[in-house]
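Colleague: Here it is, the structure, as structure tokens.
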Amino acid sequence: MCQADVTMGSHSALMEQPTFSVPAKKMAMWLFIIADSATFAGCLVAYGFIRNATPNWPRPFHGITNVAVMTFILLTSSLTMLIGVRSAQNGNKSGAVRWTLITAFAGALFAILHVREWMTMIGEGATLFHNPWGTPLFSSLFFSITGLHLLHVTCGVIALIVVALRYQGGRYKADDLEVTGLYWHFVDLVWMFVVPLVYLLNLAH
Amino acid sequence: MTSPEAKTNGMGKDLIVYVCILALAGIQFFIAYQGISASQMFVRMLIVACIEAALALLFFMHLWENRGLKWFVLIFTVAVILGMQYGWTDSYRLIDGVPWAH
């Protein structure tokens, strides 16, 4: 582009197009998701590595009711998030806030069930460094991986509440709800891998 | 930020995807009670989890509507996960090989 074009051309011609036609906020969230997925992938691969290399790996889980309910709640919260984002995009502000807060409530319920499960396991003697069913590596990995996921859920719940309230107050737009929704779907996506690897493969038969 | 096409789409597609993901999650739980070896169970559950994740990525996270970003995410993620697979051989060595064989 010559100097004449620079001085005479419109400002829009000089502006750089966003990468993949994705706005900056959304792109930043995608980059975070990609980086975070590498973190979770590292944890799960390390878990597989240790499980494979440890003879007599414990299988302490006797039932699937709790984890099935938790999975249902988290998957359903993704749907409510979608409804919230769609409501925001259609200009239905009250609907968007309501569905986003329902999503946050579902996330909080998931976290409560998760903590209840932890308390049951701790009550049976499992801690980060002690496992009553065999190798302590099981407890370390179980609490680390599910704890990392629980941390993401907790942060997600807080983010959803903050974004919903600020959207209601007019400080945030529908785009901000959409970006937060991306994060929430990612948390849901990670759980799809945590359940089979950490819970279902360790069911007592 | 969202394409007009995405805005006009109703909830029908999202509901179908949600039901599919729920059904796939159910299949994972069903596999857990099959009398098969742990390695077979692992492979089957991982395949189902990958399908679930792909559905969530493409439709819940709207990657389907952005071709460039879709390939970027796919190539980057697959490259990272493939890179992590180098550890598996060492994991088997811990059981069968030296110097730390059980």
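Colleague: Classify the stretch A:24-202 from the C-alpha gyration tensor, please: rounded if a/c falls under 1.5, else prolate or oblate depending on whether a/b exceeds b/c.
Modeller: prolate
Colleague: Right, here's the next one. Between residue A:162 and residue A:148, what length comes free when the chain is fully extended (0.36 nm per residue of separation minus the Cα-Cα distance, one decimal in nm)?
Modeller: Between residue A:162 and residue A:148, full extension yields an extra 2.9 nm.
Colleague: Give me the inter-chain shielding for A:42-54: mean count of other chain Cβ atoms within 10 Å, whole number please.
Modeller: Partner-chain Cβ atoms within 10 Å, mean over residues of A:42-54: 5.
Colleague: A further question on this structure: Can you give the angle from 0 to 90° between the axis of helix A:24-53 and the longest principal axis of chain A, with both taken from C-alpha atoms, to the nearest 10?
Modeller: For A:24-53 against chain A, the angle is about 20 degrees.
Colleague: Nearest 0.05, what FRET efficiency do residue A:65 and residue A:24 give at R0 = 51 Å with Cβ-Cβ as r?
Modeller: Efficiency at R0 = 51 Å is approximately 0.70.
Colleague: Can you give me the relative contact order of chain A as a percent, contacts being Cα pairs under 8 Å and 6 or more apart?
Modeller: Value for chain A: 29 percent.
Colleague: Can you tell me the 0 to 90 degree angle between the C-alpha axis of helix A:174-194 and the longest principal axis of chain A, rounded to 10?
Modeller: Taking Cα atoms only, the helix is inclined about 20 degrees.
Colleague: Hey, for a label at residue B:46 modelled as a point 7 Å past Cα toward Cβ, could you say which residues of the stretch A:177-195 have their backbone N under 18 Å away?
Modeller: Only A:190-195 pass the distance filter.
Taken together, the values in this text are just the output of simple stated rules run on the coordinates, not laboratory data. As the structure is a prediction and not an experimental result, all values here were calculated from the model. Counting neighbours? That spans all protein chains shown, and the Cβs are built from the backbone with ideal geometry, glycine included.
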